[in-house]
1. Which residue out of GLU204, GLU240 is assigned to a helix (DSSP H, G or I), in contact (Cβ under 8 Å) with a residue 24 or more places away in the chain and acidic (Asp, Glu)?
2. Here is a list: LEU237, LEU277, LEU283, LEU253. Which entry is under 19 Å from LEU168 (Cβ atoms), open to solvent by less than 10 Å² (accessible area, probe 1.4 Å) and at pLDDT below 90?
3. Out of curiosity, is SER279 free of Cβ contacts under 8 Å to residues at least 24 places away in the same chain, closer than 25 Å to THR103 by Cα and of a type in the set (Ser, Thr, Tyr)?
4. Scan segment 56-90 residue by residue and report those that are in contact with a helix residue (DSSP H, G or I) (Cβ under 8 Å, 6 or more places away or on another chain) and part of a loop (DSSP other than H, G, I, E, B).
5. Of everything in segment 203-246, what is more than 15 Å from SER74 (Cα to Cα), of a type in the set (D, E, K, R) and in contact with a Ser or Thr (Cβ under 9 Å, 6 or more places away or on another chain)? Give them in sequence order.
6. Might you let me know whether segment 182-195 holds any residue that is open to solvent by 20 Å² or more (accessible area, probe 1.4 Å), among the polar types (S, T, N, Q) and touching a Gly at 6+ places or on another chain (Cβ under 6 Å)?
7. Among the residues in segment 34-53, are any touching a strand residue (DSSP E or B) at 6+ places or on another chain (Cβ under 8 Å), modelled with pLDDT under 95 and of a type in the set (Lys, Arg)?
8. Limited to segment 50-91, what total is found for residues that are open to solvent by less than 10 Å² (accessible area, probe 1.4 Å) and free of Cβ contacts under 8 Å to residues at least 60 places away in the same chain?
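The values are calculated or read from the model by the stated rules, or taken from the named source; none is laboratory data. None of the values given here were measured: they were computed from a predicted structure. Positions of Cβ are generated from backbone atoms using ideal geometry, with glycine treated the same way; all protein chains shown enter the neighbour counts. SASA here: full protein model, heavy atoms, side chains in, ligands and nucleic acids out. Shrake-Rupley method; radii C 1.70, N 1.55, O 1.52, S 1.80 Å.
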Amino acid sequence: MASTNNNNHEKGDEISLDLPKGDVCRHGLGSDVLYQYQGFWRSAIGIESIKDFQQNFKALGTDLIIATMPKSGSIWLKALAFAIVNRINYPCSNNYHQHPLLTVSPHDLVPFIDLKHFFPDHRLLDFTNTITTHDYNSPCRVIATHVPYPSLAESIKKPATNCKIVYLCRNPQDTLISMWMFINKVRPVVNNNNSSLSIDEAFEFFYEGVSEFGPFWDHVLGYWKESSENPQKVLFLKYEDLKKEPKIQVKKLADFMGYSFSVDEEIHGVIEDIISLCSFEQLKNLDVNKNGYWRNHVENKVFFRKGEVGDSKNYLTPLMVERLDRLMEEKLLGSGLVFQN
């Protein structure tokens, strides 16, 4: 299938790109040249989409926002949130052969609201409509973003808006490795750039904070701080906890979103069914995720690698691990946030 090339898309259809002036353009851990915008790094066309999102998105009180740093378990959390919210219409029992997750990518069921200008068909992200590619009669909009908390659309952050945000983070070492491998796979598709970043280059960019939506520490701390101050608004989850104790974390997720499991559902194993349906192994082996394309652009299979905790030890040198550990200790000092490798 031919990919869509956005190299010549220098301006969005609705707004013009107005990047900050100064030394803000860098090569970094990204699929294209990165620009610094509102304290984080993004490609030029990515900034167009974010500005459009900031200016035009109107949150609804029932909205559920899935927020992540790239390569931190986004597709897993999307699947879980979609399955939990839609479990009445689409039960996750042993006879769930008609479930949307079996034939549609979680990235299409729960679309990113900050990627509008990446695709020629903007209907997906018409901010005035329901923001979905399919009509599943969902009780609410479940939508996603990689944008740091301070740069979210104001309608999401307003106290008067009752929409909720679920943030999933992953330890920095595994995030780095997953980002590095993913970016090397999508570079040729996104901008016809066949050059690959070495692990040494990727590490230094990540360490300097010059990565897509980075610095990593600013991204996680923004949502961590907000979850501490407004726990009814933001739920902060860790990828490692979700792997270690999925039932506890999935119950916590459902309770926060307002879709708690009933006693009868727990007795009949509904939580376990959802965990099974949305497991990394199950999703990775589905035909849609092995052979399909995301927005006719990127192969779905590149979003799935190993999904393991601690795989970074197979790629990072002891010195890299030590440097990153020291950096995280410095950046997270006093926050109360701790990562386990």
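1. Numbers: GLU204 fails: in contact (Cβ under 8 Å) with a residue 24 or more places away in the chain.
Of GLU204, GLU240, the one residue that is assigned to a helix (DSSP H, G or I), in contact (Cβ under 8 Å) with a residue 24 or more places away in the chain and acidic (Asp, Glu) is GLU240.
2. On the way: LEU237 fails: at pLDDT below 90; LEU277 fails: at pLDDT below 90; LEU253 fails: at pLDDT below 90.
Result: LEU283 is the single residue among LEU237, LEU277, LEU283, LEU253 that is under 19 Å from LEU168 (Cβ atoms), open to solvent by less than 10 Å² (accessible area, probe 1.4 Å) and at pLDDT below 90.
3. Details: free of Cβ contacts under 8 Å to residues at least 24 places away in the same chain: yes; closer than 25 Å to THR103 by Cα: yes; of a type in the set (Ser, Thr, Tyr): yes.
Answer is yes for this residue.
4. Passing the criteria: PHE57, LYS58, ALA59, ASP63, MET69, PRO70, LYS71, SER72, GLY73, ASN86, ARG87, TYR90.
5. Residues satisfying the conditions are LYS225, LYS233.
6. The answer is no, given that none of the residues of segment 182-195 is open to solvent by 20 Å² or more (accessible area, probe 1.4 Å), among the polar types (S, T, N, Q) and touching a Gly at 6+ places or on another chain (Cβ under 6 Å).
7. yes
8. Qualifying residue count, segment 50-91: 1.
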